[in-house]
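Structure, as structure tokens:
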Amino acid sequence: MKKILVSGGAGFIGSHLCTRLVEEGQYVICLDNLFTGSEENIAHLKKEPNFEFVRHDLEFPFEMDAVDEIYNLACPASPIHYQYDAIKTIKTSVLGAINMLGLAKKTGAKILQASTSEIYGDPVVHPQVESYWGNVNPIGIRSCYDEGKRCAETLFMDYHRQNGIRIKIIRIFNTYGPRMLPNDGRVVSNFVVQALKNQDITIYGTGNQTRSFQYVDDLIEGMIRVMNTGDDFIGPVNLGNPHEFSILELARKVIELTGSKSKLVFKPLPHDDPRQRQPDITLAKEKLNWQPTIELDEGLLHIIDYFKSYHY
Ligand code: NAD
Ligand code: UDP
């Protein structure tokens, strides 16, 4: 049994990761300040003897004598949440990375950073390969998240080079699934909730901007495969579904699958909203023998069922 720390473990992705690791029989310590996460997300795990929840803010160091693996996920991920307190978001990414890397240094743990496709900003290279350095505005309203995550990647690389820490960096592309918050603000949850309530579907801008949507189970499988690679593989590696959709296409799919009477309404495009995004997953295929298996139609049906049964 491995002792595994998951920061941000009470959030959307973190709670799925904790569930999978607990099911595998690992001892899981979930660290979270419950900013966007909740105890409800991990309620099913609390009765398990190999699961422990610790309320802790990652801005501050966390002490432990021994831990085998650390997954560093703590950070709000939805634009409305990470812009709510932008300074706190940067602190979480940067100080959180330093604190978790410090713990890895002390314990000898292997550590994985949940980085993001936002590293590529508004990309001029399409699809995005890991060798692309990105096109990020350092002073915009998304910068607290993008630059915080970029700095965290730098810290991971420097702790690796300077201190020999065993690191892994994954770049996660837009991921959706059960346990997203209904008021999360991200596009899939917004559209599904609006469709189920027959409310207007809010398209920001023209809706011709694109994203590639990954179902959470595919991501979790990829994350665990990355953690289990040999120490010579550190990434960064893209984890995402390469099937790209415009936001208008997504809206139409959600309306069709829910049988909703919702109409499309057009709202202003937020500043620095990336125009296109699609992962090149050649590296993940090669190194992890991994690729997504759940396509958008199937994944949307799961999240629609989830919102129907839990919220509406
Ligand atoms: P989420 O908001 O549901 O989860 C983030 C978790 O981190 C929450 O439980 C929150 O309470 C916790 N947290 C935030 N600040 C904290 C702090 N200072 N101390 C301790 N805990 C803190 O978001 P998510 O979608 O599950 O994202 C998880 C990770 O994956 C994030 O690091 C995010 O940047 C990354 N990611 C997600 C996506 C996606 O599409 N969902 C894409 C790219 C990267
Ligand atoms: N978006 C939209 N309507 C919404 C929410 C989001 O049109 O109600 C758009 C948003 O402007 C962006 C895309 O959907 O172009 C994805 O937004 P999200 O916040 O989910 O992710 P990110 O922009 O961080 O990839």
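Every number here is computed from the coordinates shown, using simple stated rules; none is lab data. In this text, all values refer to a predicted model and were calculated from it rather than measured experimentally. Backbone-built Cβ (ideal geometry, glycine too); neighbour counts: all protein chains shown.
List of remarks:
- Whichever aspartates and glutamates have a C-alpha closer than 17 Å to that of LYS110, once near sequence neighbours (fewer than 8 apart) are set aside: GLU63, ASP65, ASP68, GLU69, GLU153, ASP158, ASP231, ASP232
- Just checking the listed ones, ASP273, ASP232, ASP32: in the Gaussian network model of the chain with Cα springs under 10 Å, the one fluctuating most is ASP232.
- Those trypsin sites (Lys or Arg not before Pro) in region 256-312 that DSSP places in a loop and that have at most 12 other beta carbons within 10 Å: LYS261, LYS263
- Helical runs assigned H by DSSP (4 residues or longer) give the chain a calculated mean residue ellipticity at 222 nm of -12000 deg cm²/dmol, each run adding -39500 (n - 2.57) before division by the residue total.
- Straight-distance candidates among the aspartates and glutamates for linking to LYS267, with alpha-carbon spacing under 13 Å and chain neighbours fewer than 8 residues away dropped: ASP200.
- Here the calculated FRET efficiency for HIS243 and LYS267, from their Cβ-Cβ distance with R0 = 25 Å, stands at 0.50, rounded to the nearest 0.05.
- Loop-resident sites, region 57-159, for GluC sites (Glu not before Pro), counting at most 14 other Cβ within 10 Å (DSSP): GLU63
- Largest GNM mean-square fluctuation among SER93, SER262, SER189, using the chain with Cα springs under 10 Å: SER262.
- Screening the chain for whole DSSP H helices of 27 Å or more along their axis (Cα) with average Kyte-Doolittle hydropathy at least -0.5 returns 86-107.
- Database remark: amide H of ASN241 closer than 5 angstrom to the amide H of GLN214 (H placed geometrically; neighbours at sequence offset of 5 or more, or on other chains; Pro and chain starts carry no H).
- Interchain or long-range residues, amide H under 5 Å from ILE170's placed H: GLN113, SER115, VAL237
- Segment ASP305-VAL124, length gained on full extension (0.36 nm per residue, minus Cα span): 61.5 nm
- Theoretical gain in end-to-end length, LYS106 to THR229 [0.36 nm per residue, Cα-Cα removed]: 42.1 nm
- Considering only LEU219, LEU45, LEU58, the mean-square fluctuation computed in a Gaussian network model of the chain, springs between alpha carbons under 10 angstrom, is largest for LEU45.
- Gap separating the Cα centres of region 6-56 and region 272-287, nearest whole Å: 28 Å
- Cross-link pairs LYS105/LYS168; LYS2/LYS105; LYS88/LYS149; LYS105/LYS287 - those with Cα-Cα distance over 19 Å: LYS105/LYS287
- Modelled FRET efficiency - R0 35 Å, HIS44 with ASN198, Cβ distances, 0.05 increments: 0.65
- For region 24-108, trypsin sites (Lys or Arg not before Pro) are listed when DSSP marks them as loop and at most 14 other Cβ atoms sit within 10 Å of their Cβ; the list is LYS46, LYS47.
- Radius of gyration and maximum dimension Dmax of the chain, Cα, Å: 18.6, 58
- Note: relative contact order over region 196-312, using C-alpha pairs below 8 Å and six or more positions apart, is 44 percent.
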